[in-house]
Structures are given as C-alpha cells and as structure tokens.
1. When all alpha-carbon pairs of segment 1-123 are counted, what percent fall beyond 26 Å?
2. Just need log10 I(q)/I(0) for the chain at q = 0.10, 0.12 Å⁻¹, Debye formula, equal scatterers on the alpha-carbon atoms, no solvent, rounded to two decimals.
3. Divide by every residue of the chain the summed helix terms, -39500 (n - 2.57) for each DSSP H run of at least 4, and state the resulting mean residue ellipticity at 222 nm, rounded to the nearest 500 deg cm²/dmol.
4. To the nearest µm²/s, what D does Stokes-Einstein give for segment 364-408 at 25 °C and 0.890 mPa s, using the Kirkwood radius over alpha carbon pairs as Rh?
5. So with the 1.4 Å probe, I'd like the accessible area per residue for the chain, rounded to whole Å².
6. Looking only at Cα atoms, what is the convex hull volume of segment 248-328 per residue, in Å³?
7. What's the local net charge at L88, with K and R +1, D and E -1, over the other residues with C-beta under 10 Å away?
8. What's the long-distance tail for segment 278-324, i.e. % of Cα pairs beyond 11 Å?
Amino acid sequence: MDKLLINGGNALNGELRISGAKNAALPILAGALLSETPVTIGNIPHLHDITTTMELLGRMGVQLTVDEKMNIEVDSSTIDKYEAPYELVKTMRASILVLGPLLSRFGQAYVSLPGGCAIGTRPVDIHLDSLIKMGADIKVESGYIHATAKKLKGCRLVLDKITVTGTENLLMAATLAEGVTIIENAAKEPEVSDLAYFLNKMGAKISGIGTDILEIEGVEKLGVENLHYDIMPDRIETGTYLVAAAITRGKIKVKDTSPDILDAVLDKLKEAGAKITAGENWIELDMEGRQAKAVSLRTAPYPAFPTDMQAQFTALNSVAEGVGIITETVFENRFMHVQELQRMGANIQLESNTAICTGSEALTAAPMMATDLRASASLVLAALVAEGETLVDRIYHIDRGYVHIEEKLAQLGASIRRIPR
Ligand code: UD1
C-alpha cells in the first residue's frame, strides 16, 4: 500500500486549481443511466471512486469512452445487466446510487446492500421505504436488494432524516415515474442541486432545486443529443486546502472553485483568524504568519458546517490558541482521527459526539494510519505542521477523494512525497 512521507514545518504559499466534485460526479454518472442518448460529462476528478463507478457501469454493459481531459461519454443503450455486485459496493457505498435510475428506467435493479462502514452504521432504509411508497417491490435476500417495478408512481415523500444519496436516488427515480413526486425534507447539498440541473438538461422536470422541497413531474423518457455537462467544483477539496494553508500559517489562492458553496467553512476560517478574499471562482486565504485561534463548531446538513470538513478543523484546533469544541451530529463514530492526532501530541478529549480540543503550539511527527477519507486528510494536515517526519500509511483512503494530493501540496511548498508500495 502506498504511503505519504511528510516533513512538517513549511508554510504553504501559492496557487492551486480545484478539481471537480467527487460527490457530484458519482450521482451524475449514475444519472447518465437514465439517458436514451449518449451523454458526455466533463470536469470529472481523477479519483479512485470514479474508476470504481466506471467499472460498475462497465460491468452492466454500459459503454464508456474517456478522452485525455477526463471527459467521460456514457452510452447506456448497450446495458444488459442491472446489477451492482458486492465486491464493488463494499469498496464504495455510493454504488447504491444506481438503484433509483435502474429501477425507474429498466424496472429492475439488483444491488448489494452496503455493509457497515468505518464511520458508523449507514443504513439505506429511507431509500428503500420511499421507493416502496412509489410502488416498487423490494426484497432483501442474501445481502442483495432485489427491486422491481412495472412503472414507478409519483407520490409525496417526507424523508425521516436528511440524506444526501437518499435524496439523489429518489430524485433520479422520480424523473421517469408516472405523475408528480414531492420530496420533503430533501437534502439541499450543492451536489444534489448539480444532479438536478443535470437531469433537467436531459429533459427532466424538477423544480425547487436548492430548497428542501423538490417537486418532480415525471416524463416519458430522458436524453438530449450531444449533451455535455460539467461537474461543479469540489467544496470539500477547496476547504481542505484552505485549512492546510491556515494550519501552516501560510497564504494560498484556490482557483476554479466557488466561494458561494462554502459559507459555513469560510466563516469558521475567518473566526480562526484567517484573512479571506474571494472572487466569483477563487478564494484567497492569508494567515499573515499568525497561529490560528481555536473554533467551536457543530456539523449538520447543508448549509450548516459539513461533516466532511470536521476532521480537518479538529487538526486545525490541535495547533490553535485556546479551546475549540467540535460536535458531530451527522455520523456516529466519526472521530477516528482523534486517536491518531493524540499520538502526535494533540490535546483532545472525546465525550460521546463531542471533541474538546485544547490547542498547543506544536505537534510531533509519529507514524500514522489513515482510516476513512476525511480522517486521513486531517492526518496529512497535522503532519504538515508537526515537528519531524511523518509517515502516513494506508493512503488509498485519501486517493478515493483527493486528486494527486501530494503533487498539489508540493506545488504549494510542502515537503511531501509518495512512497509506492
Ligand atoms: C453523503 C456524502 C458524504 C457526506 C454525507 C453527509 C456522497 C457520495 N457522500 O453520504 O461524503 O459525509 O453525505 O453530508 O455524496 N441515514 C439513515 N437512513 C438512510 C440514509 C441515511 O438513517 O436511508 C442516516 C445516515 O446514517 C447518516 C445521515 O442519515 O447518519 C446522513 O447520511 P447521508 O446524507 O445519507 O450520507 P451519504 O449520502 O451516505
């Protein structure tokens, strides 16, 4: 397994381009299954989860053509299997996103049930119960979801809990259902909106985009000749690099991104003492050489502070001035990075879903083990300021969500290199 070797202490400085959003690319690639004509998707990030999605679609018989700029043409006219097998779903839970489109367009789907996961149990009951309300017949047998439906029927769905991939699955299912579907308590994450805009470009009739009530009028079929759709920028990648600059007391400018989708994160960075300036598609962060001030925050669905940025701010608080209290409300057990940060000397106390971080001037290098995607990013951030050389093991987690992280950080002046297995 590849490892990252990081020598801490360099303040980051320079400019960086942000990649397309992983969490928008995954549902949009699944959404392409709904199109009767080939569709091309651009600004796709070069990530392991994208390769997994391509393999998933490829095994169904979908034709994929990738050009040198990572534009992917998806032609689902050759599909002959409606299955997401266990060996792919176990490596990427987001594979569940093929359930809605397969069922809605082809009337059948056979999808492995996602198992447990490092950041707690992540059930799919809301996806399944809502599809049943839309008329699907669903059986769970031998670890697989068997779903069939002659024709899904629009209805009013009030989601028990805000779920991002759940909203996306139902949105896709509703586009070809008979009549009108209303999804209440829908997730408002920008990636859900990106998927909705993409579906509308293919001929879907979705309104209420960006609000928590989505209304979908079912249509007969989807697909437009020569459709090209570019994925939105990755707000979590953007936020992670901004924290990297803040933690090292540096100054960076991130380009090809969007400040509008990062309000809660930018507010917390300002509270930590960063000077932030932004234009339409760029953000500059300048710490002016200062140590960050610890910040308190509570994760919650968009537009509140994202759970996917929680670990990075825990790392920032570890070397900040004062005490910051971090409360995780979206996922249970999403504090695996805390034990590793403590091994570097971080003073963090865990009390159920709260981490009380008392900042210290410095952390010291120690061997690290990456656990989940965002936890791994926080270890890399901590290593950027730790005294000495840190070896981060099991970085395949990072490769699932960050495009060439070592190249991007090195470009900003970090001392970092990948050690191939
Ligand atoms: C998505 C993101 C992930 C992010 C998360 C929360 C993708 C591919 N992944 O994950 O990066 O951290 O949103 O912003 O977009 N729940 C249920 N029943 C369900 C579905 C969810 O109880 O049927 C619960 C989950 O256990 C969790 C909460 O709802 O506690 C939110 O989960 P959800 O929004 O569904 O997360 P994902 O869509 O898996």
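The values are calculated or read from the model by the stated rules, or taken from the named source; none is laboratory data. This is a predicted model, so every value here is computed, not measured. Neighbour counts run over all protein chains shown; Cβ positions are idealised from the backbone, glycine included. For accessibility, only protein heavy atoms count, side chains too; no ligands or nucleic acids. Shrake-Rupley method; radii C 1.70, N 1.55, O 1.52, S 1.80 Å.
1. Working: 2232 of 7503 pairs.
Counting pairs separated by more than 26 Å, the tail of P(r) holds 30 percent.
2. Evaluating at q = 0.10, 0.12 Å⁻¹ gives log10 I(q)/I(0) of -0.67, -0.95.
3. Details: 14 runs with 130 residues, N = 421.
Taken over the chain, the calculation gives -9000 deg cm²/dmol.
4. Rounded, D is 234 µm²/s.
5. Values: 16600 Å² over 421 residues.
Result: 39 Å² per residue.
6. On the way: hull volume 6.5 nm³, N = 81.
So the per-residue hull volume is 81 Å³.
7. Details: positive: R59, K90; negative: E55, E83, E87.
Computed value for this residue: -1.
8. Details: 788 of 1081 pairs.
Value for segment 278-324 (Cα pairs over 11 Å): 73 percent.
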